[in-house]
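A short reminder: the numbers here are calculations on the coordinates, not readings from a lab. This one's a predicted model, so the numbers in the text were calculated from it and none came from an experiment. Ideal geometry is used to build each Cβ from the backbone, glycine not excepted, and the neighbour counts take in all protein chains shown.
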Amino acid sequence: MTHNRNFNSQSTTFSRREVLQAGGVGILGFLLSDVFFTLENAGAAETAFPPLNRSPRMMQEYLVRRVREKIQQNRQAKRALHSREEAEIHVRQVREKIRMSFGEYPDKTPLNPRIVGTIERDAYRIEKLIFESRPGFLVTSNLYIPKNRPFPRPGVVGTCGHSATGKTIDAYQTFAQGLARLGYVVLIYDPIGQGERLQYADENLKSRIGVGVREHLHAGNQQFLVGEFLGSWRAWDGIRALDYLLTREEVDANQIGVTGNSGGGTMTTWLCGWESRWSMGAPSCFVTSFLRNAENELPADTEQCPPKALALGLDHEDFIAAMAPKPVILLGKERDYFDVRGLEGAYQRLQHLYGLLGAKENIELFVGPTYHGYSLENREAMYRYFNAITGSSNLRTEPEIVLEDEKDLWCTPNGQVCELQSRTVFSFTQEKSQRLAGQRKGLKGRALADAVRSVLKMPESGGAPEYRILRNMRSRKYPKPEFTTYMVNTEPGIHAFVYRLGDERLYSRPPKDANRTILYISHLSSDSELRDEPLIRELIEAEPGAALFTCDVRGIGETLPNTCDQNFFDPYGCDYFYAIHSLMLDSPYVGQRTFDALRVIDWLMSNDHNNIHLAAKGWGALPAAFAALLSDAVQQVTLKNALTSYTDIAETEYYQWPLSTLLPDILEQFDLPDCYRELEKKGLRIIDPWSAAYQK
């Protein structure tokens, strides 16, 4: 699905096939072909225009500024700690913030563990274990038990990073076996969407979505609608693995650690913060800083971006601080894409905290010289650290490892839990959506407007926004001969691009002579849609005397980012990057875009445009619908290709809408049909609505 062509102002005309490759399967690819590019037919090159994109760095600089503000506040609070009592209070506060982000524990249901096979080796045996972290939700795992050792032994839960084969990939199988040879009881389990736990398996037991990252994004993005977080789900698997380990008589309940690398380093970090029973931890190749990741344009999976984390003042190191003063070693790599500078800074601040708690020796740092991965030097650093705590072994190097064949470690007949009728993450999301639908009250009027503001996290706006008037450009083949571009400052660092179309050239502010105004919120680009979208011409013909404005809200059209490898439409591209960071900032992207629309309406009203017909298409129909509901200046509403409902997305396994169009927790309070019914008072017209899995 990944395609690295640059979508910027230097683009040329592309074929429909190239566009579909760039947008991936389903709705995004088809929409791109309709909006951005001309078909390869006779004479097409004569009228082709690269989409205008004059501020491609706006969203990146805005994001970095907002994240930096939160991180600076975080670090200032830590510098202000000067006593043990203050440090202890800080640790308690951090633990509470983590609970606010991750949520309270779900009910602990029966694990229903079963050993489905055993492998005997010279120094250990491997039990092939399946347990249920939630009812019917199967977790495949391998339990390594050392031989010829007195029991109970120290235990370790091993968490896996992003690999197609999960627990059986070389590095992760190696650290589990290495620990077992050193005398540890080790339980290593497959993550959701990897190894034997594909959530979207086809008839050939291959992922329809893509193993690892793609499955995490698809399942996790959808979960936000019903108030769930994939990171909590994945960490809960680790907590239930710990619960199982504690049932084994071979395990010393007072000596249980957790370790993992990359995505497993993420889970180790989250588990250190969300679960209090660990006696030691060793996250590898993850801990840095949310700020470094933002600055470096480094996307992270849904489960690596906890909701509200930045708004709550959390950073990676705080999940380790929640475990203080218990011993932790931070493992990193000099050449890792997880910026080692962030890791070193985290270590220094944790040293200060641990020092105040009288346990500075309990926090250590090891940075290997090579690239990302749980390579030998990092594994040996982990072994030495755990051994120093538990006294399990005097060896300082990794024992000889003999890797098992992947299939020999499978817990299922052919390598997938779907064969055993395991439930999927989607089935839980669908079920919760149906339950919430039965609980919603059907809000109307002021109650609905208040709920919309709450879910959108809508800030207050006041007064007319400042704006710039850009130099006129040559004809772009719009439906009117002249246009003027205004950059409306909706908040510090953000501007919406607004075009005013007319029959005569304008170099100044909009004239205050309009009795009626049409404001069109674009789907992906006002510039392209003014040439290609029939709705705009229909609006002009229906109201020839109305003033016509179009608007690109943030991250669209003129401000479409060229960051994160410039792959805007990929599920892991820059549109996702800004959307997921927005959720960590507790400021949903749809809410930000709605705010832009409302500020443009404020700007129009300051120029005496008080009777507004608000129209929009596709993605733009979401902020348009919410803005129309919240603004008295909007008298009429036309939405083309509007989303049918968020329930439709939550209950459709293979949906197509990106994270930037989704709203966390919305289905606990209302859904789009509630808004549409309210907008009937303003003459709402919906044209060709799009479902969750719309295919053109």
**Report entry** Antiparallel DSSP beta bridges within region 81-433, as percent of all bridges there, nearest 5
**Finding:** 50 percent
Report summary line: Calculating Kirkwood radius over Cα pairs in Å from this structure picks out, from (1) 26.9; (2) 35.5; (3) 32.0, entry (1)
Report summary line: Diffing region 311-319: the Karplus 3J(HN,Hα) column from phi (6.51, -1.76, 1.60, θ = phi - 60°), in whole Hz with x for Gly and Pro, holds 4, 7, x, 9, 9, 3, 5, 5, 6
Query raised in the report: Sorted by packing (mean other beta-carbon atoms within 10 Å per residue), highest first, where do 539-547, 238-246 land?
Result: 238-246, 539-547
Query raised in the report: If amide H atoms are built 1.01 Å from N in the plane of the peptide, which residues on other chains or at least 5 residues away come under 5 Å of the amide H of Gly117?
Result: Lys128
Requested in this report: Only Cα pairs under 8 Å and at least 6 apart count here; give the relative contact order of the chain as a rounded whole percent.
Outcome: 16 percent
Query raised in the report: Under a Cβ-Cβ limit of 4.7 Å, which cysteines in the chain have nobody to pair with?
Result: Cys160, Cys272, Cys285, Cys305, Cys411, Cys418, Cys551, Cys675
**Report entry** Distant-in-sequence amide H partners of Lys147 (H built 1.01 Å from N, under 5 Å)
**Finding:** Tyr124, Arg125
Report task. Using the Karplus curve 6.51 cos²θ - 1.76 cosθ + 1.60 with θ = phi - 60°, work out ³J(HN,Hα) for each residue of region 164-171 in order, rounded to whole Hz, and write x for Gly and Pro. Result -> 4, 9, x, 5, 9, 5, 3, 4
Query raised in the report: What percent antiparallel are the DSSP beta bridges of region 156-282, to the nearest 5?
Result: 10 percent
Requested in this report: Express in whole angstrom the spacing between the alpha-carbon centres of region 643-679 and region 149-214.
Outcome: 34 Å
Query raised in the report: With a 10 Å Cβ neighbour count serving as the proxy for reagent exposure, in which order, fewest first, do Ile130, Ile612, Ile649 appear?
Result: Ile130, Ile649, Ile612
Query raised in the report: To one decimal place, what Kirkwood hydrodynamic radius in Å is obtained for region 81-433 from all pairs of distinct Cα atoms?
Result: 20.2 Å
Report task. Using the number of other C-beta atoms within 10 angstrom as an exposure proxy, rank Glu466, Glu250 with the fewest first. Result -> Glu466, Glu250
Query - region 679-686 - phi-based ³J(HN,Hα) in whole Hz, Karplus 6.51/-1.76/1.60, Gly and Pro as x - result: 6, 4, 5, 9, x, 4, 10, 10
Requested in this report: Would you please give the residues with an amide H less than 5 Å from that of Gly368, counting only those at least 5 places away or on a separate chain, with H modeled from the backbone geometry?
Outcome: Gly332, Lys333, Glu334
Query raised in the report: Can you work out the FRET efficiency for the pair Ala388 and Arg440, with r the C-beta to C-beta distance and R0 = 51 Å, to the nearest 0.05?
Result: 0.40
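What fraction of the DSSP beta bridges in the chain is antiparallel, stated in percent and rounded to the nearest 5?
45 percent
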Requested in this report: Counting other beta carbons within 10 Å of each Cβ, put Tyr576, Tyr486 in order, fewest first.
Outcome: Tyr486, Tyr576
